[in-house]
1. Looking at segment A:92-144, what helices (runs of 4 or more DSSP H) fall wholly within it and have at least 3 residues that are out of contact with any strand residue (DSSP E or B) (no Cβ under 9 Å at 6 or more places or on another chain), under 18 Å from A:Thr156 (Cβ atoms) and not assigned by TED's automatic domain parsing to the domain that holds A:Arg163?
2. Only one of B:Leu212, B:Leu235 is surrounded by 19 or more Cβ atoms within 10 Å (Cβ to Cβ) and more than 12 Å from chain A (Cβ to nearest Cβ); which?
3. Would you confirm whether any residue within segment B:275-283 is in a helix (DSSP H, G or I), within 14 Å of another protein chain (Cβ to nearest Cβ), small (Gly, Ala, Ser) and more than 22 Å from B:Ala382 (Cβ to Cβ)?
4. Right, B:Pro91: out of contact with any Pro (no Cβ under 9 Å at 6 or more places or on another chain) and surrounded by 20 or more Cβ atoms within 10 Å (Cβ to Cβ) or not?
5. It is to be established whether one or more residues within segment A:123-133 are surrounded by fewer than 22 Cβ atoms within 10 Å (Cβ to Cβ), away from chain B (no Cβ under 11 Å) and touching a residue at least 24 places away in the same chain (Cβ under 8 Å).
6. All but one of (1) touching a residue at least 40 places away in the same chain (Cβ under 8 Å); (2) hydroxyl-bearing (Ser, Thr, Tyr); (3) within 21 Å of A:Leu73 (Cα to Cα) hold for B:Tyr395; state the number of the condition that does not hold.
7. Could you list, in sequence order, the residues of segment A:26-43 that are within 23 Å of B:Ala302 (Cα to Cα) and not in a loop (DSSP other than H, G, I, E, B)?
8. Name the pairs: first residue in segment A:152-168 and away from every other protein chain (no Cβ under 14 Å), second residue among the small types (Gly, Ala, Ser) and part of a helix (DSSP H, G or I), Cβ to Cβ under 7 Å, at least 6 apart or on different chains?
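The values are calculated or read from the model by the stated rules, or taken from the named source; none is laboratory data. Remember, it's a predicted structure, so these values are computed and weren't measured experimentally. Virtual Cβ from ideal backbone geometry, glycine too; neighbours counted across all protein chains shown.
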Amino acid sequence: MAKERKKATRASRNTGGRKSVPVGRARAQRVIEVPLAAPDLLPALDILRDPGRSVDARLEALQTIQAASFALLDFDSVRPDYIAALRQAAEDQDPELRQRALGILAREHDGFAQEALLEGLRDPARALVGPDKALQLLSYDPHAGVYPIARDIIHTSEDESTRREALRVLAGDPASAAVIEDVLADKNEPSAIRRMSASALHALNPDKLQRWASSAVLDTAEDADLVATGLTALTQFGDAKAIADNKQLRKRMSQLQEQGPAKIKQLARRFVKKYDL
Amino acid sequence: MQAEIQINNSTTPAARYLTWAPSPCRVRITNPAGSPAVQLRVRLGTRTNTGGGSVAFAAQAGGPYASTLTVTVPVNGQSVSFFVRGVFGKPSFVDHDVIIEARARSAPSSGNWRLLGTLPVMVRIRKNANNLTAGERTRLVAAFAQLNDQGLGRFADFREMHVNQSSPEAHGRPAFLPWHRAYLLDLERELQAVDPSVALPYWRFDQPAPSLFTPDYLGASDALGNVQLSATNPLQFWRTDNVPGIVRRPFFDPAQAPAGLRTEAQTLALGAQYTGFRTLEGNPHGSAHTSFGGFISSIGTAARDPLFFLLHCNVDRLWAKWQLQNNRFDSGVAASYDTNNPGNKTGHNLVDTMWPWNGITTGDRPPFAPGGALASSACVSAPGPQPRVQDCFDYRGSVAAVAQMGFDYDDVG
């Protein structure tokens with residue numbers, strides 16, 4: 001398997017597959033029939049498994065089988081063959097096919113896929129997908145194995161997308177709250193990274209997020225997107241009594257209703273309306 | 001003099017919502033001071049805010065309906081019944097944008113009608129998600145975000161209802177459509193508990209919906225498949241399964257419709273028998289799910305994406321259109337359902353109660369039942385807290401008024 005994976009990785013380099021593949025290939029305009037009995041899925045399974053078929057045909061077969069999984073009474077009878085075909089496709093030379101197969105397997109919490117993804121994060125030479133995609137797929141079933149890797153990525157990676165996915169994974173790890181808080185507080189971090197940190201902190205410690213939100217709104221030097229995120233958090237999830245007692249915040253809201261970018265004014269008005277200030 | 005108007009025979013503000021179906025209403029004189037007569041001729045009409053909804057009145061549920069209705073009301077406080085319904089094609093856009101007025105002549109032969117009472121109502125209708133106003137979008141996403149409440153809110157129950165283990169209750173068998181109708185209604189009523197002006201919109205997946213897939217609404221996907229939301233969108237705090245965010249990677253240009261799906265016309269042409277029509281479960285339903293990668297493309301994760309509910313709202317709308325086209329509102333009519341399928345497991349026969357609302361966790365049901373009974377409505381009594389399959393057919397009360405479920409679609413008249 002490892003040999004095959006190296007081969008796949010080499011292929012991905014040749015096709016630019018190290019990074020995540022953008023929006024998938026367009027399909028034909030014709031109506032694609034979705035079989036409603038398991039035996040009728042077998043031809044599609046054959047196509048999916050056949051490296052000799054075109055990638056477009058294999059992707060269409062994959063999509064047809066997956067659509068049938070929503071509707072088929074007896075889908076379980078083909079599930080083992082389907083999982084096996086997905087595992088094979090996960091190591092295919094085509095990056096789009098690999099990514100889609102790994103996505104389906106990851107959503108099923110498939111151990112083969114999880115181990116392959118972790119292995120790729122530990123050793124990029126063996127990666128089937130880019131590290132950002134691997135982290136995203138591992139977030140379907142985050143467990144202890146991925147948290148140390150994700151924390152390490154926060155400190156060592158320079159790729160924004162990968163760091164953002166690492167933060168998403170860490171949102172499920174209470175031990176990472178301090179790391180996330182640090183990133184949120186660091187104004188040198190990109191806005192998108194800090195916004196993801198806000199979402200992650202909101203998940204781990206909503207009270208801390210609310211305190212940060214108040215301070216961000218009061219901070220006249222804060223990035224406008226972060227102010228908007230803070231305002232949205234306060235409006236949507238704020239504690240009415242704490243807000244009513246916060247004279248500084250109320251005063252700031254009065255200012256923001258009249259000043260600044262339109263989106264901030266709009267949010268400030270929504271805030272004032274909600275809390276009847 | 002003063003009059004009280006009751007919508008859906010209730011004084012609670014939560015009952016002041018209408019659909020295209022007749023709502024039973026009452027009017028009574030609460031303060032007869034100044035009236036020398038024992039009864040009054042009371043004219044019911046409306047004042048509508050600009051661009052707002054429109055309603056019509058009738059003395060009987062069957063009509064005829066008109067923009068005004070004059071009824072004779074005793075001054076002793078006794079109620080007089082009448083019916084109101086939304087005028088098809090003229091839904092509301094904001095809460096309470098229609099004001100119902102009760103007026104009586106100032107004097108027996110006077111041309112002046114004195115105002116006795118008013119009541120604001122809304123014609124609350126499920127609409128095409130792509131066409132919602134900015135205000136409607138804002139209220140919808142805020143209600144979803146509140147229901148999710150950082151993953152700890154009531155939404156978690158809805159996420160838990162639609163998982164691999166519960167799939168046989170809802171998929172691959174005849175109750176696919178009734179089960180999802182109850183599921184959507186349950187969610188919609190919870191959204192309305194957050195904001196009563198919200199109706200679940202539908203994603204018409206056979207048409208382009210460029211407005212829907214934007215950062216201010218349900219989000220625009222980046223290359224990785226992460227849904228990007230603006231800093232003003234409360235869905236940025238969406239969290240399911242302890243993980244923030246939404247993964248949704250379209251395999252089509254979001255400015256266009258997904259390819260390969262049956263169109264509405266093709267779906268409605270699947271036949272007049274339910275056994276034929278329900279093959280829509282594969283295409284367009286399954287195909288719409290798998291026109292993306294990410295949460296929505298697998299049964300076990302699909303309900304993690306708010307888009308899931310808009311997708312299924314369109315599936316339900318297609319069923320509603322098919323029901324209207326073929327007069328299939330009566331579950332007692334054989335062609336309305338697949339009653340003779342020997343493979344029907346419990347939960348798929350007309351008289352069966354549906355999981356999880358029935359709370360049954362034994363036998364061939366899943367060993368868990370999240371969420372409790374189906375949410376109640378101040379407007380209607382159906383389908384009840386533990387709906388049966390057969391309770392989900394006559395949603396507009398065509399066969400029996402009491403079966404109304406309290407929703408309607410903007411293009412199903």
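1. Helices (runs of 4 or more DSSP H) meeting the threshold: A:111-122, A:131-138.
2. From the options B:Leu212, B:Leu235, the qualifying one is B:Leu212.
3. Checked segment B:275-283: at least one residue is in a helix (DSSP H, G or I), within 14 Å of another protein chain (Cβ to nearest Cβ), small (Gly, Ala, Ser) and more than 22 Å from B:Ala382 (Cβ to Cβ).
4. So B:Pro91 passes the test.
5. Yes, there is a match, as at least one residue in segment A:123-133 is surrounded by fewer than 22 Cβ atoms within 10 Å (Cβ to Cβ), away from chain B (no Cβ under 11 Å) and touching a residue at least 24 places away in the same chain (Cβ under 8 Å).
6. Here B:Tyr395 clears every test but (3).
7. Residues satisfying the conditions are A:Ala38, A:Leu41.
8. What qualifies is A:Ile153/A:Ala166; A:Ile154/A:Ala166.
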